[in-house]
1. Give A:L189, A:L170, A:L203 a once-over and let me know the one that is loosely packed, with under 14 Cβ neighbours inside 10 Å and either among the acidic types (D, E) or in a helix (DSSP H, G or I) (or both).
2. Step by step: first the residues of the stretch B:148-176, then only those that are in contact with a Leu (Cβ under 7 Å, 6 or more places away or on another chain), part of a loop (DSSP other than H, G, I, E, B) and not β-branched (V, I, T), then the one that is surrounded by the fewest Cβ atoms within 10 Å (Cβ to Cβ). Which residue is that?
3. In a helix (DSSP H, G or I) and within 10 Å of another protein chain (Cβ to nearest Cβ): which single residue out of A:K268, A:K225, A:K236 fits that description?
4. Report yes if A:G210 is at pLDDT below 90 and of a type in the set (G, A, S), otherwise no.
5. State which residue is nearest to the other protein chains (Cβ to nearest Cβ) when the search covers only the stretch B:301-332 and only residues that are more than 24 Å from A:T50 (Cβ to Cβ) and loosely packed, with under 15 Cβ neighbours inside 10 Å.
6. Go through the stretch A:30-45 and give me each residue that's within 26 Å of B:D327 (Cα to Cα) and without any contact (Cβ under 8 Å) to a residue 12 or more places away in the chain.
7. Working only within the stretch B:115-125, note down all residues that are modelled with pLDDT of 95 or more and part of a helix (DSSP H, G or I).
8. When the residues of the stretch A:206-222 are filtered to those that are over 16 Å from B:V194 (Cα atoms) and assigned to a helix (DSSP H, G or I), which remaining residue is nearest to the other protein chains (Cβ to nearest Cβ)?
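The values are calculated or read from the model by the stated rules, or taken from the named source; none is laboratory data. None of the values given here were measured: they were computed from a predicted structure. When we count neighbours, we look across all protein chains shown, and the Cβ atoms used for this are built from the backbone with ideal geometry, even at glycine.
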Amino acid sequence: MNKSPHNRVLPGFGLTLGYTIFYLSIVVLIPLSALFFKSATLSWGDFWATVTAERVIASFRLTFGAAIAAALVNALFGTLVAWVLVRYRFPGKRLADALVDLPFALPTAVAGITLATVYSANGWLGRYLEAAGIKVAFTPLGITVAMVFIGLPFVVRTVQPVLEELEPELEEAAACLGANRWQTIRRVLLPSITPAVITGFALAFARGVGEYGSIIFIAGNMPMKSEITPLLIITKLEQYDYAGATAIASVMLVISFVMLLVINILQKWSRRYAA
Amino acid sequence: MKTGLLKKVTAVVALALSLSIATVAAAETTLLNVSYDPTRELYQDFNGAFAKYWKGKSGETVTIKQSHGGSGKQARSVIDGLEADVVTLALAYDIDAIAEKGLIKQGWQKELPHNSSPYTSTIVFLVRKGNPKKIKDWNDLAKPGISVITPNPKTSGGARWNYLAAWGYALKQKRGNEAKAKEFVAKILKNVPVLDSGARGSTNTFVQRGLGDVLLAWENEAYLAINELGPDKFEIVTPSLSILAEPPVTVIDKVADRHGTRKVAEEYLKYLYTTEGQKIAAKHYYRPIDKKVPTNLAKVKLFTIDELFGGWQKAQKTHFADGGVFDQIYAR
């Protein structure tokens, strides 16, 4: 934590800060403000009518609901995967480790087509699930499955380095001091990894909300039932209703931003709690 | 010093090279044809034929580039600045949207014969081999227990033809009226388990996922699907009555004038109307408008969008705009 100016790698705080703001403006802020300007061509009444239409509300509920559910699943099972990858040695571990990144690299459309194939009524998994009365493809459940798929690496890759830092000796010490396994998990492990899990959750959630390519193939796209918000935006564009499309998009943006902000605060709080 | 000289020489050579490439490129004409998904193979064929014809006629070498995607998406790309010399889209509505931005002269649809549609198509049914559910006509699609696959008319131009075809069929029945047509289409939509966002997606759902008893499809798409997947799995059912789908073509005036390609662009589209062009369209299962060009497609009674729906603008507004009939059918 040496803050002396001589030790900075990049020269000139003013210059680097200027560059940072310039870069962020070009890459993030300008496109996003264009979005708001475009939707501002609507009158307030039209804007409100557009974003509170029954179908739009239903899609918000579905998109955000499924994204939260998927991120929760990932937070739990992603942490488990990270744990296994860090703490155990087994044949094919490197392969398993590489597999985690696959949803990152795979074009989302490929993921969507593959998932739809696997989970449809005549697919490898779908035929058994369907026989058991569980419909996955073309339902909200399918949407959640797709979001779980694309969100997995976010949790694993944020939790993994934290677990690697956390030495097994800590658990041994806890055991020596007479803690049982549950106490070790709750008092030793959880406080250390919670911030990372929350970060992973937030990233997986954000990705799920914004996801289009992989979901569009497995969602039924039925109005009111299995339409995600990005699809409604496309629907508006098909009618050359640019303002309507950006109106929905900007609401999505605001909700996502607020949720990320809340998660950030939560994370800060949990760090303080851990310390 | 030596390296400086070397750098200069390299720069001069590079400049000369790029200049010579530029002059070569100028001697060639390039056209960009922005089209919709199912015409990829058609235009691959047609472009070769036209390039040959144009070389013979004017001595000029013309290269035609193709761009394919959903019809509405393609129109938006052109509006947003994709430099298309010509567009060949699925609906007049999409070209109207480009014209509205001032890129095409108003009244474009009168420029070429036959509503500027050099070939037509219609909507047919693709069913599984042996037609196990005995689907013969539109009214079979409205029966309970029949699963119908069609894309979402809100996102797919092709699906709008499907929807209007069903609507028109109901309208043309004895004592048919708008209320009955709405009820009829609603019944069919109730049998639709998935609304894919595009026509190719629906074909996938039907063919690869094995979902549904019948796929509503463009006639040429249905034939392509059968050719590719084997006639042992699927067959085509042509209904008694269907819609005349007219995919229109036009020159993007602003772009062609800027590129100086107006003449060749116009000739390109006109060539679609020649016997040679019509034969290529027929080969790809489009219905040629030149009746002398033979085709193996089944005879079917067809109605047009103008006679039953008062043109695309009106049909779009009534049926597919937000709050339109399609939305009403799905509203709770």
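1. After applying the criteria, what remains is A:L170.
2. It comes out as B:K172.
3. On the way: A:K268 fails: within 10 Å of another protein chain (Cβ to nearest Cβ); A:K225 fails: in a helix (DSSP H, G or I).
The match here is A:K236.
4. Values: at pLDDT below 90: yes; of a type in the set (G, A, S): yes.
In short, yes.
5. Looking only at the stretch B:301-332, we keep the residues that are more than 24 Å from A:T50 (Cβ to Cβ), and these are B:301-311.
Next cut, loosely packed, with under 15 Cβ neighbours inside 10 Å only: B:301, B:307, B:310.
Numbers: B:K301: 30, B:E307: 24, B:G310: 18 Å.
Here the residue is B:G310.
6. A:A40, A:S43, A:W44, A:G45
7. B:S116
8. Residues of the stretch A:206-222 that are over 16 Å from B:V194 (Cα atoms), as a first pass: A:206-213.
Right, trim to assigned to a helix (DSSP H, G or I) and you get A:206-210, A:213.
Numbers: A:A206: 23, A:R207: 20, A:G208: 19, A:V209: 19, A:G210: 17, A:G213: 11 Å.
Of everything passing the filter in the stretch A:206-222, A:G213 is nearest to the other protein chains (Cβ to nearest Cβ).
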